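Visitor: Please read through the structure below; I'll follow up with questions.
The values are calculated or read from the model by the stated rules, or taken from the named source; none is laboratory data. A quick note: this is a predicted structure, and the numbers were derived from the prediction, not measured. Here the Cβ positions follow ideal geometry from the backbone for every residue, glycine too, while neighbour counts run over all protein chains shown. Side chains included, ligands, DNA and RNA excluded: accessible areas come from the protein's heavy atoms. Shrake-Rupley method; radii C 1.70, N 1.55, O 1.52, S 1.80 Å.
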Amino acid sequence: MATASVAFKSREDHRKQLELEEARKAGLAPAEVDEDGKEINPHIPQYMSSAPWYLNAERPSLKHQRKWKSDPNYTKSWYDRGAKTFQADKFRKGACENCGAMTHNSKSCMERPRKIGAKWTSKSIAPDEKIETFELDYDGKRDRWNGYDAATYAQVIERYEARDDARKKYLTEQQLKQLEEKNNKQNKEGGDSDEEDFEDALKVDEAKVDESKQMDFAKVEKRVRTTGGGSTGTVRNLRIREDTAKYLLNLDVDSAYYDPKTRSMREDPLPDMDPNEKFYIGDNQNRLSGQALEFKQLNIHAWEAFDKGHDIHMQAAPSQAELLHKNYKINKEKLKGQTKESIMEKYGNAAAEEALPRELLLGQSEREIEYDRAGRIIKGQEVSLPRSKYEEDIFINNHACVWGSWWKDHQWGYKCCKQTIRNSYCTGSAGIEAAEAAADLMRANIARKEAAEETPAPLEEKRLATWGTEVPDDLVLDEKKLTEALKKEDQRRREEKDERKRKYNVKWNDEVTPEDMEAYRMKRIHHDDPMKDFL
């Protein structure tokens, strides 16, 4: 099948070629051989085995399917790490100002910054690094083991061998220890059965011991995000399927809060339930016991030491903080012992002369702690309040209380002197009495002033006429007559609009009263009034 670019074939030659290919596929004829003498698989399709016409292939071959263009510049070598070339005796122009090497500048220098650089001292000039450039091919750029030294794997083998030796040594020590304990026993009752049990106990399963000595024996490997379905990751603290989730213990909305991000529930979800029947009482139980309590004490010590001027930080240098805390406890115990010894030297030790009572020897006290059947504390152990890193109970200006200990009339103040000015000086009970006397005097003055004020006489309301230009001063309008005049004016205006309502014999009274004039003025329409259309 892998034929060259042949010329025109007749129908008979083409039929023979097809028969030959079928025989080769069936195994009846030998396979075709290429230029290098290698057999060509007859099942390769023709569009793959046929070489392009521009290659001018005379014999069948599969070279056109391989990478026939090779670049001689590609290499598989790697950088010579740590190699140096030349070391100068004095500083050269254009070199690094810090170390004096010519292969880099001061910005990219990896040496420790000197107090005075090599540019000014011309001493301890660093040698020039060996700069190499490689032109890697496609596979060389993606080769993760390129430059790997296989000799470094011997360190891994040595570490595993040392671990196995330590395990064997530990097993031997345990067996010798058990043999010594057996020889020291005086009771030989049931000797045969005891010897058989002891021999079975000496057969320690090395696999179990290995698992118990491993740090991460509780890890469960899980595949997540790999080419085969996930990447290998570590999953810890897996619960069994029969366990109930924390957030399902109490479905009440107002129950303990569950944080889904950290999967934590600090408070007790079932506070009213019998503690003997509960298996989970919240994550806060772990914060008040074990290493969590020691870590809290370590933080408090770091805060107090920082406030006193020590350069200590729990997050920046945890090892330093732990070492200082350890030294602090040792010094504290020493100081306590010295104080105890000095007191005993001065006053004597009456406790050493007589035997202590049995109650004191057993360490009994009046403090009562109640436990359940499982050994958990039900009540009696008080929760320690966390201390603040800020200063507390600091009294200024001779005050006996802190600012904010007193509240009155929407103002904070000091309880000791009842002052609402923060920077004021404490006056004590004398200041309180003076303030109360001043307040009583002010209230008495206000009451005296209110009593001295005369009540103004009520003014008589007079409604003066406003319809004329010359109005007498003593003219007073009657309210009833004014109301009647306003009604008459309204009736007169309606009659003027509708002539049909006018009677034949009309008696007209020409007498006009002041009330009639006032009604006419009030009902009159002013053409300049902007609200005339709404009247």
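Visitor: Can you spot a residue in region 67-85 that is touching a helix residue (DSSP H, G or I) at 6+ places or on another chain (Cβ under 6 Å) and open to solvent by less than 50 Å² (accessible area, probe 1.4 Å)?
Guide: Within region 67-85 (the criterion being touching a helix residue (DSSP H, G or I) at 6+ places or on another chain (Cβ under 6 Å) and open to solvent by less than 50 Å² (accessible area, probe 1.4 Å)), the answer is no, since none of the residues qualifies.
Visitor: So Phe279 clears everything in (1) within 22 Å of Arg376 (Cα to Cα); (2) aromatic (Phe, Trp, Tyr); (3) in contact (Cβ under 8 Å) with a residue 24 or more places away in the chain; (4) open to solvent by 50 Å² or more (accessible area, probe 1.4 Å) except one condition, right? Which one?
Guide: Here Phe279 meets the rest and fails (3).
Visitor: Going by the structure shown, is Tyr79 modelled with pLDDT under 85, within 30 Å of Asp34 (Cα to Cα) and aromatic (Phe, Trp, Tyr)?
Guide: no
Visitor: Ok, one more. Return the total of residues in region 320-377 being over 30 Å from Asn276 (Cα atoms), loosely packed, with under 11 Cβ neighbours inside 10 Å and modelled with pLDDT of 75 or more.
Guide: 16
Visitor: Let me ask you something else. Is it the case that Trp145 is at pLDDT 90 or above and open to solvent by 100 Å² or more (accessible area, probe 1.4 Å)?
Guide: No.
Visitor: May I pose another question? Write out, first by first residue and then by second, each pair whose Cβ atoms fall under 6 Å of each other, whose residues are 6+ apart or on separate chains, and whose first residue, in region 51-63, is over 17 Å from Asn41 (Cβ atoms) and assigned to a loop (DSSP other than H, G, I, E, B) while the second is modelled with pLDDT under 85 and of a type in the set (A, V, I, L, M, F, W, C).
Guide: Sorted first by the residue in region 51-63, then by its partner, the pairs are Ala57/Ala4; Glu58/Ala4.
Visitor: Another question about this same structure. Is it fair to say Arg163 is in contact with a helix residue (DSSP H, G or I) (Cβ under 7 Å, 6 or more places away or on another chain), of a type in the set (Lys, Arg) and at negative phi?
Guide: No.
Visitor: Please determine, by comparing only the residues of region 400-425 that are of a type in the set (A, V, I, L, M, F, W, C) and part of a loop (DSSP other than H, G, I, E, B), which one is least open to solvent (accessible area, probe 1.4 Å).
Guide: Checking each candidate, the answer is Cys417.
Visitor: Of the residues Lys449, Lys462, only one is exposed (fewer than 11 other Cβ atoms within 10 Å of the Cβ) and modelled with pLDDT of 80 or more; which?
Guide: It is Lys449.
Visitor: Just a yes or no: is a residue in region 437-444 more than 44 Å from the chain's Cα centre (by Cα) and closer than 18 Å to Asp393 by Cα?
Guide: no
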